[in-house]
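What follows is calculated from the coordinates using simple rules that are stated; it is not laboratory data. Owing to the predicted nature of the structure, the values given are computational and were not obtained by experimental measurement. Here Cβ is always computed from backbone atoms with ideal geometry, including for glycine, and neighbour counts include all displayed protein chains.
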Amino acid sequence: MCVYLERVLCLIASGAGVHRGLVSGLNPVMPTCEVCQQPANQICGGCKLVYYCSRPHQKLGWREGHKFKCCAFKIQYSDTLGRHMVATRDIQQGEMILREKPAIIGPRISCPTICLSCGKNLDPPEVNSKWDYYKCSKCNWPMCGPECEAADVHKPECKAMTDRKYKCDIKYQGPNKIQAAYCVISPLRVLLMSTSNPLQYENIMNLESHLEDRINTPLYTVLKANLVTFIVQVLGLPFDEETILKVASIFDTNAFDVRSPDGSTRLRAIYLTASMMDHSCKANTRHIFIGEDYHMAIIATVPISKGDLITTMYTQSLWGTLDRRKHLQTNKYFDCECDRCKDPTEFGTYLGNIYCSVCNSAFAPNVEARGAMLLSTNPLDETAPWKCEKCEHCILSKQMVWGNNALKQDLQRLNKTDPNQFEEFIEKYSQTLHPSNHLVVQAKLALVQIYGNYKGYSLTELSNAILRRKIDLCHELLEIADKLEPGWTKFRGKLLLELQAAMTMKTKREFETGKLTKAAAQDELMESLVLLQEATNILKVETHMKTILESKISELTNLLDTTAAET
Ligand SMILES: C[S@@+](CC[C@H](N)C(=O)[O-])C[C@H]1O[C@@H](n2cnc3c(N)ncnc32)[C@H](O)[C@@H]1O
C-alpha cells in the first residue's frame, strides 16, 4: 500500500480532520516540507496529505514524483453523509482510484460449509469410510486439508478455541447445508486483533456501526445469544457485549461481499479506505477483487470531476426506488436522497413505475393517454400516494408495495433455466408492467443470459427469431444501462459481450445463406468488433476475463479474415 494511503488510514484511525467533531486537536508537531524538511504550512491541494514550505517546492515535489503518488481523493465529513470520498482532481474513465488489501476477511454470517483458511466451499471427502470433512486437528473446524490448517489466518482463532478446549461440531449433513456457526468467526478475528494488531483494530473500530439502530433487531437478539455467549463464556475473552455487537454491526455497515470469479468462494471483508465511499443509486465507480488475497480495486466507471463525490452502490441498481430506499433504510440506516431517488421517473427509465389502469384500460376513451404511468407524488416519502401523469387516478403507496411484492414473488417462482417462463411472465403482465419496469427488466436480463449460453440454447442452436430477440433485448437493456449504470460498468460490459456474440452469429448465418453481400457482412462484423473492443476495455481488468476476451477477439478477427477471403 502506498505511503499516502497509509496516512489516510492513520487519519481515519485518529479521526483527525475527517472524523466527526475531531477536526481540532491535530498533531501539535509542525508539519515539514516534503522537499526540504523545513517547517511547512502549505498542504497539497490534491491529496491533502503532504506539506510544502513554498510554491516552488510544491512544484519541485510534484515534478520529482508526487504526481505519481498523489491520491485522487480525500476523505471529508458532512453532517448528512458522514465521512465520504471526494475527488481531489479530475479522474478519467477506467482509472484505478484505489487498490487496497482487506483489513479483515472471513466467513459471512451464515454460509455453507467452507474452509476457514481459504474460504472455499467444501466437498466432503470420504474419511475412514465415513462421509465427513477434513477437520483441523486442534479445533475441529472443517478445512481443505493440512495446508489450510497450518495457514497463518487460522492460527489465532484456532489457539483461542483450543486454549479453552472448544471443538467445532459441524458434520457433513448433505450438500449446501447452511451453517449458522460461522457467524462467530469474522467478529472473533477482529477482536483478536486488539492484541495482535492494535492499530488495525482501532481503524476497524472507528468505522460507522449503527449499533444503536441494530441492537433491538431480531438478528442482533440472536447474535446476543450466539456470538456474545461464544466470545465471553465459551472462549473467556475479555470483551463486553457492546464491543462484540459493535464489531458485528461494523461488518453489517461496511463489509463488501467478496466473490471469487468461479463462484467457489464467497466471503465478507472490510476495506478501510474503500468503506469511506458513500452510496449513490447512480454510482461512479465499480470494484473488482484481485488475486487470492482479494485485494480490492476501485475503478472509475465514468469521468469524475474534481470535487465530485466518489460513490459506490450499496443496493441493487435494477430495483425501483421503493425497493432500493427500503433496503438502504433497513440495512444501512439512511434515507437515500440522491438525484435518482428524487426523480419519480428514475432518469426517464420509469423503472419503478406501472401503467395507469384507467388510461390503459381497453375502454379508456382517450387513446392518447395510452402508456400513461403512475408516478409517486413524492419519491422521498414512501407513504406518498401514486398518481397518473395524465389523469386523476391515484393509488395508495401500500397498494403499490403489495402489487410489487406479489409480482416479485411470481418472478422468483420461475424456473431460472426455462426461457418460456420468463417470456410468459412478460406477456402476462404487459398490461400492467411497461417494457422497462424493473420486474420486466429482470426477466429480460434472465432471457439474455439463457439465450446463447444455457444448455439447449447455445448460440448455434437458437432459431433466427430468438437470435433477433436476444439482440433486441440487449439493445433495450443497454438503453437502461446508459441511464442508470453508464460508462465502464460490469453490467454494460457483459451486455456488450452478449450483443456482439449474437450479432456476429446473425451476420455469419446471413452471409452463409447469401442474404448479405461480402461488403455488408464485413460492415456488420466491424460493428461487432467495435462492441467487443468496448467490452474488452471495460472487462479486461478482471483477470479471469482476459483469456475469454482474447479468444473472442481472435475468433472475430478470424471470421473477418475468412469473410474477406471468400469469393
Ligand atoms: C460504509 S459507511 C460509509 C462511510 C460513512 N459515511 C462513515 O462516516 O463512516 C456506510 C454509512 O454511511 C452513511 N451513508 C452512506 N451513503 C450515504 C448517503 N448517500 N446518504 C446518507 N448517508 C450515507 C450511512 O450512515 C451508511 O450506513
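If you take the beta carbon distance between D561 and D343 as r and set R0 to 56 Å, what does 1/(1 + (r/R0)^6) give as a FRET efficiency, to the nearest 0.05? Please report the intermediate quantities before stating the final value.
Values: r = 48 Å, r/R0 = 0.85.
The calculated FRET efficiency here is 0.70.
In what order do I310, I270 fall by count of nearby beta-carbon atoms within 10 Å, going from fewest to most?
On the way: I310 26, I270 23.
By the 10 Å Cβ count, ascending: I270, I310.
Give me the lysines in straight-line cross-link reach of K130: C-alpha distance below 21 Å, same-chain residues under 8 apart excluded.
Reachable lysines: K138, K167, K171, K177.
Per DSSP H run of n ≥ 4, the term is -39500 (n - 2.57); total these for the chain, divide by its residue number, and report the mean residue ellipticity at 222 nm rounded to 500 deg cm²/dmol. Each step should come with its number before you reach the end.
Working: 18 runs with 217 residues, N = 567.
Counting only the DSSP helices, I get -12000 deg cm²/dmol.
For the pair I178 and N331, how long in nm is the line joining their label points, each one 7 Å along Cα→Cβ?
Label-label distance for I178 and N331, simple model: 1.4 nm.
With the contact rule set at Cα under 8 Å and sequence spacing of 6 or more, what percent relative contact order holds for the chain?
Computed value for the chain: 11 percent relative contact order.
If the chain between E368 and V401 were fully stretched, how many nm would it gain, using 0.36 nm times the residue separation less the Cα-Cα distance?
Numbers: separation 33, 0.36 × 33 = 11.88 nm, distance 2.78 nm.
Roughly 9.1 nm would be gained on extension.
Among R214, R164, R324, what is the fewest-to-most ranking by other Cβ atoms within 10 Å?
Values: R214 20, R164 14, R324 26.
Going from least to most buried by this count: R164, R214, R324.
Tell me, what HN-Hα J-couplings in whole Hz come from the Karplus equation 6.51 cos²θ - 1.76 cosθ + 1.60 at θ = phi - 60° for each residue of segment 208-224, using x for Gly and Pro?
4, 10, 6, 4, 4, 7, 8, 3, 9, 7, x, 4, 6, 5, 5, 5, 4
Tell me the label-point distance for the pair L414, V153, using the 7 Å Cα-to-Cβ offset, in nm and rounded to one decimal.
3.7 nm
Taking amide H atoms as placed 1.01 Å from N in the peptide plane, list the residues 5 or more away in sequence, or in a different chain, whose amide H sits under 5 Å from that of L375.
Distant-sequence amide H within range of L375: K387, C388, E389.
Which order do the peptides 99-112, 228-241 take when ranked by the mean count of other beta-carbon atoms within 10 Å per residue, highest first?
Values: 99-112: 19.4, 228-241: 15.6.
Peptide ranking by packing, descending: 99-112, 228-241.
Neighbour counts of other C-beta atoms within 10 Å: give me M205, M30, M503 arranged from fewest to most.
Values: M205 17, M30 10, M503 20.
Lowest to highest Cβ neighbour count: M30, M205, M503.
With labels modelled as points extended 7 Å from the Cα through the Cβ direction, what inter-label distance (nm, one decimal) is found for T229 paired with E241?
Result: 1.3 nm between the two label points.
What's the center-to-center distance, using Cα atoms, between segment 282-338 and segment 60-102 in Å?
Distance between centres, Cα-based: 17 Å.
M30 to D293: extension gain in nm, 0.36 nm per residue of separation minus the Cα-Cα distance? If you can, show how the numbers build up before the last one.
Working: separation 263, 0.36 × 263 = 94.68 nm, distance 3.79 nm.
Gain on extension, M30 to D293, equals 90.9 nm.
Using the per-residue mean of other Cβ atoms lying within 10 Å as a proxy for protection, in what order, highest first, do the peptides 220-227, 544-551 fall?
Working: 220-227: 16.0, 544-551: 13.6.
Per-residue mean Cβ counts within 10 Å order the peptides as 220-227, 544-551.
Give me the number: length gained by fully extending Q92 to N453, i.e. 0.36 nm times residue separation minus the C-alpha to C-alpha distance, one decimal in nm. Don't jump to the answer; show the numbers that get you there.
Details: separation 361, 0.36 × 361 = 129.96 nm, distance 3.35 nm.
That pair, Q92 and N453, stretches by 126.6 nm at full extension.
Rounded to whole Å, give me the distance from the Cα center of segment 203-246 to that of segment 498-567.
Here the answer is 54 Å between Cα centres.
By how many degrees, between 0 and 90 and to the nearest 10, does the Cα long axis of helix 3-14 differ from the longest principal axis of the chain?
Value to nearest ten degrees: 70.
Residue by residue through segment 157-167, what is 3J(HN,Hα) from phi via Karplus (6.51 cos²θ - 1.76 cosθ + 1.60, θ = phi - 60°)? Round to whole Hz and write x for glycine and proline.
5, 5, 5, 4, 7, 6, 4, 9, 6, 7, 10
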